[in-house]
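The structure appears right after this line, and notes come after that.
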Amino acid sequence: MDNVSSTFFLAGLNETTKNRFTLFSLILLCYCVILLVNICLIVTIILDKNLHDPMYILLCTFCMNGLYGTAGFYPKFLWDLLSPVHVISYSGCLVQALVMYSFACGELSILSVMAYDRFVAICRPLEYHSIMSKPRLFKLVCFSWLTPFCVVGINIYLTSRLQLCSPYIARLFCSNWIIVTLACFPAETIVNSIFAYISIIVYMFHVFFILWSYMYLIKTCVNSIENRAKFMQTCVPHLTSLLIFLVTILFDVMHMRYGSKSLPQTIQNFIAIEFLVIPPLMNPLIYGFKLTKVRNRIISLIKKSYILLTL
């Protein structure tokens, strides 16, 4: 199979053709809500100078990452719902896999930087502004964006070198692991597997760092009412986001590796896209309601908009 001129067929939609218009409406509504809540939070933080602290800038980065990841899936998926044939070019497939999995890895990178930020804010409050200076914050934001892109990019490059023997992907979108399983010669995928496991270990360290940080913070905050209040206000949203993301991504990974093919296609599809639906939708809502400054600013903007519309 010629990788340059090949076309992949996405077989995940084969059992949903009867309800495609209903599904299209629901998915479009979901994507619009994701765009609305994330853009609302981003614009709120950008416009309000009182929210230009490191914690809120990282939150803004978090929401931007959500928009980046969902842009790799929803427009193509909505187009497929209205198309009789669900195809994607080979290069388009690799780009889609790069975008969505660098988004997933980016979520962990940003959450780890957020955990570091909260660790410094609570455990070393007097040194917070000197440690989380603008140059360091810029470096941390670059780390949270570039590291996932490079790690996933190397995986995608290794995949692009394989000779493939099947154009059929039994999913709604392109997955690097699925593409590797289409290789004509499994022996050629050894390097892919090694680097994939190295990538998994790297991001497992991210998870361990986040968990260790919050365990240390909980231990530190137990005996201080002020620190407990700060922890509940600013750290609980991070932990909730981490839990939601880990659960959704774990379902996807476990299903890809060990899932039963006898499951109905609809259930398989839902498991596959959970990490593209729940975290990007829930994260802005969690932070918007929990963080007082953000919530008050959003309410103020809504009131001003309402007044202007009623004039």
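Of the residues PHE138, PHE173, PHE143, only one is open to solvent by less than 30 Å² (accessible area, probe 1.4 Å), modelled with pLDDT of 85 or more and of a type in the set (A, V, I, L, M, F, W, C); which?
After applying the criteria, what remains is PHE173.
Which of the following residues is crowded, with 19+ Cβ neighbours inside 10 Å, within 22 Å of the chain's Cα centre (by Cα) and either closer than 30 Å to PHE9 by Cβ or touching a residue at least 60 places away in the same chain (Cβ under 8 Å) (or both): CYS235, CYS221?
Criteria check complete, one pass: CYS235.
Hey, VAL95 hits all of (1) within 13 Å of LEU172 (Cβ to Cβ); (2) within 20 Å of the chain's Cα centre (by Cα); (3) free of Cβ contacts under 8 Å to residues at least 24 places away in the same chain but one; which does it fall short on?
(1)
Which of the residues that make up region 176-193 are without any contact (Cβ under 8 Å) to a residue 40 or more places away in the chain, open to solvent by 50 Å² or more (accessible area, probe 1.4 Å) and within 20 Å of ALA11 (Cα to Cα)?
THR181
Test each condition in (1) touching a helix residue (DSSP H, G or I) at 6+ places or on another chain (Cβ under 9 Å); (2) hydrophobic (A, V, I, L, M, F, W, C); (3) not in a helix (DSSP H, G or I) for VAL85 and report the one that comes out false.
In the conditions (1) touching a helix residue (DSSP H, G or I) at 6+ places or on another chain (Cβ under 9 Å); (2) hydrophobic (A, V, I, L, M, F, W, C); (3) not in a helix (DSSP H, G or I), VAL85 misses (1) alone.
What number of residues in region 81-113 are in contact with a Gly (Cβ under 7 Å, 6 or more places away or on another chain) and aromatic (Phe, Trp, Tyr)?
Number of matching residues: 1.
Can you tell me which of (1) farther than 19 Å from CYS60 by Cα; (2) out of contact with any Cys (no Cβ under 7 Å at 6 or more places or on another chain); (3) in contact (Cβ under 8 Å) with a residue 12 or more places away in the chain; (4) surrounded by fewer than 20 Cβ atoms within 10 Å (Cβ to Cβ) is the one GLN163 doesn't meet?
Tallying (1) farther than 19 Å from CYS60 by Cα; (2) out of contact with any Cys (no Cβ under 7 Å at 6 or more places or on another chain); (3) in contact (Cβ under 8 Å) with a residue 12 or more places away in the chain; (4) surrounded by fewer than 20 Cβ atoms within 10 Å (Cβ to Cβ), GLN163 fails exactly one: (2).
Rundown of residues vs (1) part of a loop (DSSP other than H, G, I, E, B); (2) open to solvent by 10 Å² or more (accessible area, probe 1.4 Å); (3) of a type outside the set (Gly, Ala, Ser); (4) touching a strand residue (DSSP E or B) at 6+ places or on another chain (Cβ under 7 Å), yes/no style:
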site: SER25; (1), (2), (3), (4): no, yes, no, no
site: CYS32; (1), (2), (3), (4): no, yes, yes, no
site: GLY66; (1), (2), (3), (4): no, no, no, no
site: PHE77; (1), (2), (3), (4): no, no, yes, no
site: GLY92; (1), (2), (3), (4): no, yes, no, no
site: MET100; (1), (2), (3), (4): no, no, yes, no
site: GLY106; (1), (2), (3), (4): no, no, no, no
site: MET114; (1), (2), (3), (4): no, no, yes, no
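The values are calculated or read from the model by the stated rules, or taken from the named source; none is laboratory data. Since the structure is predicted, the reported quantities are computational estimates derived from the model, not experimental observations. We place every Cβ from the backbone using ideal geometry, glycine too, and count neighbours over all the protein chains shown. When the accessible area is computed, the model is the full protein with side chains, heavy atoms only, and any ligands, DNA or RNA have been set aside. Shrake-Rupley method; radii C 1.70, N 1.55, O 1.52, S 1.80 Å.
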